[in-house]
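Worksheet: the structure to be examined is printed underneath.
The values are calculated or read from the model by the stated rules, or taken from the named source; none is laboratory data. Keep in mind the model is a prediction, meaning the values are calculated, not measured. FYI the Cβ positions are ideal-geometry reconstructions off the backbone, even for glycines, and counts take in every protein chain you see.
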Amino acid sequence: MLEPSKKMTILLVDDKQENLLSLEDMLQAPNRVFLKALSGNEALKLTLKHPDIGLIMLDVQMGDMDGYEVARLLKSNPKTKDISIIFVTAINKEEQYVLKGFEEGAVDYLAKPLDVDITRAKVRVFEKLYFYQEELKHTLADKDKINKQLERFMFVVAHDLKSPLNGAIGLLNVIAEDERIKNEPDLHEYMQIVLTATNHLTEMITSGAGLHPQKRGRAAQRAGGCRAAAAAAGEAPVPAGACIRAV
């Protein structure tokens, strides 16, 4: 069941006004918006002006430019290549012409005079496909947004963990170089084990956050800018995750 808020824009293309009106009346539904073009050139202009068009009902035989040429131009343009096209024609029903239509980018064919039930059924199928595709686009966009937020969050957490850990490693290195430790083989060995473990932990934090050098630079700028702003305002230190904003 389609949500009432969802709308699908359908472009009707025919060089006869009466055919456009008849087709619009046949396909009328609350969730549909119709655009009408009386020529191929007008159809091309409308597709560029209205990027939300989900389906084109395209007459094959028109005066200035036939439907095959319109479809070819639409499919050659990255902005319009993914729009579904249904050819509508009263002639050229032979197999070779039907195949030509599919080669030029049509996804279906309807022969005039149109069967009302078949026409409505086919449009419903493309309508459902259009809404599924739109939902998928939104889902992928949300996923990308969440991934970017997670990447930023992981950097801040890793930075907060590594800062005291690096201090501890520095102190351990100082202790390990103390002559009293060096003169005790067991203690010296233990210190090396501790240093190796802490360095390994630092590497794990870095790799776990997915921070290769290029990402570290970008994330550091974002997190650093956020924390610097807080410090300039005289606010308390910003905790991990507080600098995360929607991308």
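For region 5-19, which positions are of a type in the set (S, T, N, Q) and assigned to a strand (DSSP E or B)?
Passing the criteria: only Thr9.
Can you tell me which of Leu129, Leu99, Leu136 is at pLDDT below 80, farther than 25 Å from Thr206 by Cα and aliphatic (A, V, I, L, M)?
Exactly one of Leu129, Leu99, Leu136 is at pLDDT below 80, farther than 25 Å from Thr206 by Cα and aliphatic (A, V, I, L, M), namely Leu99.
Only one of Lys36, Lys49, Lys16 is exposed (fewer than 14 other Cβ atoms within 10 Å of the Cβ) and closer than 17 Å to Phe87 by Cα; which?
On the way: Lys36 fails: exposed (fewer than 14 other Cβ atoms within 10 Å of the Cβ); Lys49 fails: closer than 17 Å to Phe87 by Cα.
Checking each option against the conditions leaves just Lys16.
Listed residues Lys122, Lys148, Lys162; which is part of a helix (DSSP H, G or I), under 30 Å from Ser84 (Cβ atoms) and among the basic types (Lys, Arg)?
After applying the criteria, what remains is Lys122.
So which pairs qualify, if the first residue must be in region 158-170 and among the acidic types (Asp, Glu), the second must be at pLDDT below 75, the Cβ gap must be under 9 Å, and the two must be at least 6 apart or on different chains?
Asp160/Pro239; Asp160/Ala240
Please specify each residue of region 183-205 satisfying the condition of being modelled with pLDDT of 80 or more and among the hydroxyl-bearing types (Ser, Thr, Tyr).
Matches in region 183-205: Tyr190, Thr196, Thr198.
Against the definition (in the same structural domain as Asn19 (by TED's automatic domain parsing), at negative phi and surrounded by fewer than 22 Cβ atoms within 10 Å (Cβ to Cβ)), how does Met65 come out, yes or no?
Spelling it out, Met65 is indeed in the same structural domain as Asn19 (by TED's automatic domain parsing), at negative phi and surrounded by fewer than 22 Cβ atoms within 10 Å (Cβ to Cβ).
Exactly one condition in (1) at pLDDT below 90; (2) under 21 Å from Gln133 (Cβ atoms) is false for Ile56; which is it?
(1)
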